[in-house]
Amino acid sequence: MTKKVEIYSKQNCTYCVMAMNFFDSKGISYEVYSADNPSIFKEMLERNPSARTVPQIFIDDKSIGGYTDLIEKFSE
């Protein structure tokens, strides 16, 4: 089952890289958006107003949260 995975990331973000490595290890493709760009950052906040950190991960347009949220979700 293919899922749409989107990651809002910033440069030099260790947790962003760890999230991408996680999806790579599972063979799951993803789209990365650079939250360094102010308009992309604004879009991220519109999609998840409570976002305070990156990465912000969305699977099938549903907010998962950050890296630790991702790992918790996949360990269930």
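The values are calculated or read from the model by the stated rules, or taken from the named source; none is laboratory data. Nothing here was measured: the structure is a model prediction, and the numbers come from that model. All Cβ positions, glycine included, derive from the backbone under ideal geometry; neighbour counts span all protein chains shown.
Tell me which residues, restricted to segment 1-26, are over 22 Å from E43 (Cα atoms), modelled with pLDDT of 95 or more and loosely packed, with under 13 Cβ neighbours inside 10 Å.
Selection gives N21, D24, S25.
If I ask for residues that are closer than 11 Å to Y8 by Cα, in a strand (DSSP E or B) and not hydroxyl-bearing (S, T, Y), which ones from segment 34-71 would you list?
Q56, I57, F58, G65
State all residues of segment 20-67 that are β-branched (V, I, T) and in contact (Cβ under 8 Å) with a residue 24 or more places away in the chain; if no residue qualifies, say none. Before the answer, list the steps.
Narrowing segment 20-67 to residues β-branched (V, I, T): 28, 32, 40, 53-54, 57, 59, 64.
Result: I28, V32, I40, T53, V54, I57, I59.
Provide a single number: the residues in segment 64-76 that are surrounded by fewer than 17 Cβ atoms within 10 Å (Cβ to Cβ) and not basic (K, R).
Going through segment 64-76 one residue at a time, the tally reaches 7.
Filter segment 1-19 for residues that are in contact (Cβ under 8 Å) with a residue 24 or more places away in the chain and either assigned to a helix (DSSP H, G or I) or under 11 Å from Q56 (Cα atoms) (or both) and give the result.
If the condition is that a residue be in contact (Cβ under 8 Å) with a residue 24 or more places away in the chain and either assigned to a helix (DSSP H, G or I) or under 11 Å from Q56 (Cα atoms) (or both), then V5, E6, I7, Y8, S9, K10, Y15, C16, M18, A19 are the ones that fit.
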